[in-house]
1. Relative to the compact-globule scaling 2.2 N^0.38 Å, provide the ratio for the alpha-carbon radius of gyration of the protein assembly as shown.
2. How shielded is A:33-42 by partner chains, expressed as the average number of their Cβ atoms within 10 Å of its Cβ atoms?
3. Report the relative contact order of region B:8-111, percent, no decimals, based on alpha-carbon pairs under 8 angstrom and at least 6 residues apart.
4. What relative contact order, as a whole-number percentage, does chain A give when Cα pairs under 8 Å and 6 or more residues apart are counted?
5. Please arrange A:S87, B:S82 by accessible surface area, largest first, computed with a 1.4 Å probe and ligands excluded.
6. On average, how many beta carbons from a partner chain sit within 10 Å of the beta carbon of a residue in A:45-52?
7. With a Förster radius of 30 Å, plug the Cβ-Cβ distance of B:S10 and A:F99 into 1/(1 + (r/R0)^6) and report the FRET value to the nearest 0.05.
8. Suppose we take every Cα in region B:19-71 and form the convex hull; what volume per residue is that in Å³?
Amino acid sequence: NAGVMQNPRHLVRRRGQEARLRCSPMKGHSHVYWYRQLPEEGLKFMVYLQKENIIDESGMPKERFSAEFPKEGPSILRIQQVVRGDSAAYFCASSPDHFGETQYFGPGTRLLVL
Amino acid sequence: GQQLNQSPQSMFIQEGEDVSMNCTSSSIFNTWLWYKQDPGEGPVLLIALYKAGELTSNGRLTAQFGITRKDSFLNISASIPSDVGIYFCAGQIKNTNAGKSTFGDGTTLTVKP
């Protein structure tokens, strides 16, 4: 399967714990985007990364959230000290170039904070 | 920031009927995109529009990029049960941070057999 892969598909955390979401882009894609989707809403942009660089993090909350896309391995979205309001579906998308017009989305990680 | 207003919020139609949904914005976008999302899955790109006034078809789907670059519509002809899902419009602005998409809140389509 050459599609975008995300894991885990479902993640349950208690308030105060850490959540780590992983995204493996399509083969040959070096551009990754993370979006958050609340119930009955559209996707909201969080961060755009290229290998080893954060290009645009204008949609990331200032605290507790961080993202990385190392030279080797998947992109990671990390949420520290989770709160109930962090419960959402988190999607990553990858594209082959910086234009990003053709973004392929993964199946998402559904985070539930108890 | 930019916001997209997508309407209608939901639609209930009979199989075989045509469907029309649209998206408007107070800001200009350089690219309009239409996605479909099935339950528990990520969005899948249906149609991409790159030029003002452009009309593009993909099978039973037709989408247009408005002349003002502030709106777009998606039509689905002769709907079938597998058209059920949530349809999202998204806009992009070409700049150094290209690829950042602004999404509407979606139109939920229900098709009755």
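The values are calculated or read from the model by the stated rules, or taken from the named source; none is laboratory data. Worth saying up front: this structure is predicted, and the values here are computed from it rather than measured. Note: ideal-geometry Cβ built from the backbone for every residue, glycine included; neighbour counts use all protein chains shown. Remember, those area values only see protein heavy atoms, side chains included, never the ligands or the DNA or RNA. Shrake-Rupley method; radii C 1.70, N 1.55, O 1.52, S 1.80 Å.
1. So the Cα radius of gyration is 1.01 times the expected 2.2 N^0.38 Å.
2. Values: counts 3, 0, 6, 0, 6, 1, 0, 6, 4, 15.
Whole-number average of other-chain Cβ neighbours for A:33-42 is 4.
3. Working: 245 pairs, mean separation 36.7, N = 104.
The value is 35 percent.
4. Values: 293 pairs, mean separation 41.8, N = 114.
About 37 percent, as a whole number.
5. Numbers: A:S87 30, B:S82 80 Å².
Order by accessible area, largest first: B:S82, A:S87.
6. Numbers: counts 8, 1, 1, 5, 0, 0, 0, 0.
Counting other chains' Cβ atoms within 10 Å and averaging over A:45-52 gives 2.
7. Working: r = 33 Å, r/R0 = 1.08.
Efficiency, rounded to the nearest 0.05: 0.40.
8. Numbers: hull volume 5.0 nm³, N = 53.
Spelled out: Cα convex hull of region B:19-71, divided by residues, is 94 Å³.
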